[in-house]
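Here the structure is laid out as structure tokens; the discussion comes afterwards.
Since every read-out is calculated from the coordinates, none of them should be taken as a lab result. This one's a predicted model, so the numbers in the text were calculated from it and none came from an experiment. Quick reminder, even Gly has a Cβ in these numbers, built from the backbone with ideal geometry, and neighbours come from all protein chains shown.
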Amino acid sequence: MAQSRSSISILLFIAVALVVAAVAPVLTRSDNQLVVYCAHDQVLAAGVIERFEQESGIQVDVRYDEEANKSLGLTQLLITEKNAPRADVFWNNQLMGTVRLKSEGILQPYRGFGWERIPEGFRDAEGYWTGFAARSRVFIINTDRMPATVAAVSERLNAVSLKKVAIAEPLFGTTLSHYCVLADQLGFSELQQWHRDLRERGIRVVRGNSMVKDMVVEGICDMGFTDTDDAFAAIDAGAPIEIFPVRLSDERTICLPNSVAMIAGCRHPESARRFIEFLLSEETEQQLADGTGRQIPLGPVDETQLNDDILRLTDWAANAVPLATAATHHAAVQQWLTAESTGR
């Protein structure tokens, strides 16, 4: 009898273990949890993520990176975690690193309604990434220091000395993206010549786009290369600032979107899909357009809800160069710039 009870206990233990084993994958893939790696500025992204949590009931564990090369840092982290991914979604503040993750096999495709809503030039044809809420590359001009005209900008750029012009270090951020576009449009050797020419004429190379903005606002420089979000921060503070789009030789502009992608093998795929749809919605693009960064909606929105600043930017974005091929130059451009900066 004792042996019978012992056998029954063993069978019950095995049955419970089998049930736990069967349920465990469900628990780890809970539909009300999500891990997001976010390179977008926390002050702008937090409100979007909070609204998603409130509307979806999904709890988001978000990892921000505050470093100047933050998108690069999170890209590298995702590569190191490839075999045991922690993140479900990568919300990048640009595109180049995201395209690299596709080539590294870090991403999985997803083509939902949000992907369909975004124009072809700002999304991956296979659905591995989708762009949204963009910034434009612009010249920021101190109108107390020089006329706010296209002719004056051209004259300043062609001057013998560029000591009154600023640009961010191109090793990371949107300036690196700018260089990748030029590599694609001009060719690699022409990009290198352009880069050398700027430095030989004394252009001021500073830490980041926000420092370019500060140099121009303070009158240390008359103008500089930056992004629309930094320029509008100066305008909102009352600085004497005007902006013009950086245009390529064929008059197209450089428009740099946020991007979103699902991580291959992620633990919460359904929550990831819901978050991606949320980011790519008209409501989220409108929210980011209304914010201090003046992010440019890429999909269709109610234009009566857009202010004059955004309407001007959407015209520039409509004439933007596609970025998918530019992104293929990312590794080569970064390798060259790194070697140059280290003297190797």
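Couple of notes before you dig in:
- With the biggest extent put first, the Cα atoms of the stretch 48-122 measure 32, 30, 27 Å across the principal axes.
- Farthest toward the positive end of the dipole of the chain, out of GLY173, SER249, SER281, is the Cα of GLY173, where the dipole comes from beta carbon charges about the Cα centre.
- Over the stretch 41-188: Rg over Rh, Cα atoms, Kirkwood Rh: 1.03
- Ranking ASN158, GLY131, ASN142 by Cα position along the charge dipole of the stretch 122-161, where only Lys, Arg, Asp and Glu carry charges on their C-beta atoms, puts ASN142 farthest toward the positive end.
- Partners for LYS213 among aspartates and glutamates (Cα-Cα distance below 12 Å; same-chain residues under 8 apart left out): ASP222, ASP227, ASP229, ASP230, GLU242
- Long-range Cα-Cα pairs in the stretch 184-258 (distance over 15 Å), rounded percent: 64
- Distance between the stretch 256-273 and the stretch 315-344 - C-alpha centres, whole angstrom: 24
- Spin-label model distance (nm) - GLU218 vs VAL43, 7 Å beyond Cα toward Cβ: 1.8
- Crossing angle, helix 173-186 versus the chain [Cα axis fit, 0-90 degrees, rounded to tens]: 70
- Other residues with beta-carbon under 15 Å from the beta-carbon of TRP194 carry, at +1 per Lys or Arg and -1 per Asp or Glu, a net charge of 0.
- Using all pairs of distinct alpha-carbon atoms, the Kirkwood hydrodynamic radius of the stretch 239-344 works out to 16.9 angstrom.
- Cα→Cβ-extended label distance, 7 Å offset, between ASN158 and ASN319, nm: 1.9
- For the stretch 127-280, the Rg and Dmax computed from alpha carbons only, in angstrom: 17.8, 57
- Extension gain for GLU53-ALA125 works out to 23.0 nm (0.36 nm per residue, less the C-alpha to C-alpha distance).
- Contact order, relative form, for the stretch 241-344: 25 percent (alpha carbon pairs under 8 Å, 6 or more residues apart, mean separation divided by residue count).
- The stretch 134-183: Rg to Rh, with Rh as the Kirkwood radius over Cα pairs: 1.00
- More than 34 angstrom apart: percent of Cα pairs within the chain: 30
- Antiparallel DSSP beta bridges within the chain, as percent of all bridges there, nearest 5: 60
- Using only alpha carbons, the stretch 263-315 has a radius of gyration to Kirkwood radius ratio (Rg to Rh) of 1.12.
- Note on the chain: with a GNM built from Cα contacts shorter than 10 Å, the maximum mean-square fluctuation among ALA326, ALA87, ALA239 falls on ALA239.
- The stretch 161-201 has equivalent-ellipsoid semi-axes of 18, 14, 7 Å, by the square roots of 5 times the alpha carbon gyration tensor eigenvalues, sorted largest first.
- Additional length obtainable on full extension of the chain from ASP290 to GLN33, 0.36 nm per residue less Cα span: 89.7 nm
- In the chain, helices alone account for a calculated mean residue ellipticity at 222 nm of -14500 deg cm²/dmol, with every DSSP H run of four or more residues adding -39,500 (n - 2.57).
- Remark: C-alpha extents of the stretch 233-276 on the principal axes read 49, 34, 13 Å, sorted largest to smallest.
- Full extension of the chain between ASN307 and SER249 yields a length gain of 17.9 nm, computed as 0.36 nm times the residue separation minus the alpha carbon distance.
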